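First the structure, in the form of structure tokens, and then the observations on it.
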Amino acid sequence: MTDTNAWWLSAALAGHAGGFCLAAVFLCWRASFREKARRSSARSPSHGQRPSVAAEGKHTSRLVELVGAEVASEAPRPHGQVPDRGLAARMRSKRRPSVVPGSDLRLPRDVRSERLDMDHVRLSFPDFLWCLLFVAPGTALLAVGGLLRKKFREVLHSAGAVRPRPHDPAAVTGRLLLETYRSIHYTGTRHSEAGGGPVASFAWHRVPVIDGEGRVRVASSLAFEVDLRTKSVTKAELEGEPLTAKEALVMAWWLTISHDHVRIHSLANWGVNLEYSDDGLLKRMGMVTVFYNWLGYNVFPLICKLTHAVRFMRADFSGISQCFDESQKVQIPPHLWMHELAKHSALVDFTLKVRNRFMNCFAEHHREFPAIDGEALFVGTIVHSLDHVMAELIMEDLLWLDVDGVSHQFRGMADIGRLVRSGFTQDLPLLMFDARCRAAAPDTLFGKVYAHAAGIDAFLADHMDMLIVK
């Protein structure tokens, strides 16, 4: 065979291989996105206004029923009392009917979406292909590297070659509750009867959990108490049953990576607009966010199944998709009272100050963000990225999630938690664009917000993203 013939044969084989790959990508897109509705369609879950936050009175009544009055309202407030009206007004974003030039996309003022939905926005095939080429490689590298790190440390730990870093599980749990956005589940503060510092309570209802064999159920209630002087958990209960310090840590991390975080991803869909192409940055922000929500909802359960098949996980935890579905059914709790934690939590203090600036700037620039909800945009950018960075900082060692040191009903969540910590919390490698707010032009929404945030806390400001990309 001549060199010319060999070259043509190689080119033909490469062309066929590329064609098969492109066909496979197209089939994947068709199965995942073809039938989804654009937001301009009335059948899209995010065609209306974002889902409402749970009503204060009904939410509190439900918590009292499940976890008792002592936890649901530790500091009883006078009937009908509400926070300062100025604060309440700043905590609400205006609902504007937005029309996109050249499209039918409109958010009607009087229509509100019924529930959150993480994976429903339609992504075009060219946009899907772009994300596969420029976002997915870094995602895959981080996930595979994390999985290998997880297995390597577990093997060394089993052999007695390494030990978990020194830590206090109660203190780590307390930080997860105060310094991540689990803080929106704060219900009140009381003074310790034992003469200690003030004690803050946090409560959840309808929390999906997964046990050591991959079986899913919905726990009716979960409650924590944190000593605000020591920042440590003093009490934790799941459906009224006390938890050990290690079990409380597993549950707090589970809320961080699954139940609460899923709702952050879901709400972000009301902060994207893929039908408005005049702004390249806005389009990229939206398509990467939608792509990542698709990855999390559809691909992560497959990863859980495959890692069990190769014995990197203890069971088939693909049932986590059921947990995602259950989490989306639960309304975001009312959280006007979380400002009481500002003097005890750097993240809460920072968020309240930055959110006020963000919503004011969004009001100035709202014409640049047609059919986008300001609250959802804030959650899908600032809140999501800071939730990741704080989780990464607080959970320093995946071995702190003691799979063998907790009862069977917590082992699945501990094992999944290790996987997420090792391969899904960090920034992506190989990313070919800068997702940070600090990269935005000074006269833009994110540029103005970053300048304000950097004057409050430079570290947190430097880790704020303009989209979901992890």
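Identify the residue in the stretch 415-444 that is aliphatic (A, V, I, L, M) and farther than 21 Å from ALA136 by Cβ and, among all such residues, is nearest to the chain's Cα centre (by Cα). It comes out as ILE416.
Give ASP402, ASP397, ASP387 a once-over and let me know the one that is of a type in the set (Asp, Glu) and closer than 26 Å to THR189 by Cβ. Explain how you work it out, then say what you get.
Numbers: ASP402 fails: closer than 26 Å to THR189 by Cβ; ASP397 fails: closer than 26 Å to THR189 by Cβ.
Within the list ASP402, ASP397, ASP387, the selection yields ASP387.
Filtered by the rule that a residue be of a type in the set (A, V, I, L, M) and either farther than 26 Å from MET390 by Cα or in contact with a strand residue (DSSP E or B) (Cβ under 7 Å, 6 or more places away or on another chain) (or both), the stretch 256-280 gives a lone residue, LEU274.
Would you kindly identify the helices (runs of 4 or more DSSP H) lying entirely within the stretch 303-414 that contain at least 1 residues that are free of Cβ contacts under 8 Å to residues at least 60 places away in the same chain and within 21 Å of the chain's Cα centre (by Cα)?
On the way: elements: 320-329, 346-365, 374-378, 384-394.
Answer list for the stretch 303-414: 320-329, 346-365, 384-394.
Name every residue in the stretch 220-233 that is surrounded by fewer than 17 Cβ atoms within 10 Å (Cβ to Cβ) and either in contact with a strand residue (DSSP E or B) (Cβ under 9 Å, 6 or more places away or on another chain) or part of a strand (DSSP E or B) (or both), in order of residue number.
Answer for the stretch 220-233, where residues must be surrounded by fewer than 17 Cβ atoms within 10 Å (Cβ to Cβ) and either in contact with a strand residue (DSSP E or B) (Cβ under 9 Å, 6 or more places away or on another chain) or part of a strand (DSSP E or B) (or both): SER220, ARG229.
When the residues of the stretch 359-402 are filtered to those that are of a type in the set (A, V, I, L, M) and within 18 Å of ASP117 (Cα to Cα), the one that is surrounded by the most Cβ atoms within 10 Å (Cβ to Cβ) is LEU377. Here GLU225 meets each of (1) touching a helix residue (DSSP H, G or I) at 6+ places or on another chain (Cβ under 9 Å); (2) modelled with pLDDT under 95 with one exception, condition (2). Filtered by the rule that a residue be in a helix (DSSP H, G or I), closer than 22 Å to HIS365 by Cα and touching a residue at least 24 places away in the same chain (Cβ under 8 Å), the stretch 249-282 gives LEU267, ALA268, ASN269, TRP270, GLY271, LEU281, LEU282. Consider the stretch 162-184 and keep the residues that are in a helix (DSSP H, G or I) and of a type in the set (Lys, Arg). The one that is nearest to HIS335 (Cα to Cα) is ARG182. Could you list, in sequence order, the residues of the stretch 403-426 that are among the charged types (D, E, K, R) and buried (at least 24 other Cβ atoms within 10 Å of the Cβ)? ASP415, ARG418, ARG421, listed by residue number. Could you go through the stretch 220-232 and let me know if any residue there is under 30 Å from MET313 (Cβ atoms), of a type in the set (A, V, I, L, M) and over 16 Å from the mean Cα position of the chain (by Cα). Looking for residues that are under 30 Å from MET313 (Cβ atoms), of a type in the set (A, V, I, L, M) and over 16 Å from the mean Cα position of the chain (by Cα), one finds at least one in the stretch 220-232, hence yes.
Per-residue answers, yes or no, for (1) surrounded by 13 or more Cβ atoms within 10 Å (Cβ to Cβ); (2) among the charged types (D, E, K, R); (3) at pLDDT 95 or above:
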site	(1), (2), (3)
LEU63	yes, no, no
PRO78	no, no, no
SER98	yes, no, no
ASP168	yes, yes, yes
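The values are calculated or read from the model by the stated rules, or taken from the named source; none is laboratory data. Quick caveat, the model's predicted, so the values are computed rather than measured. Heads up, the Cβs are rebuilt from the backbone with ideal geometry, glycines too, and the neighbour counts pull from every protein chain shown.
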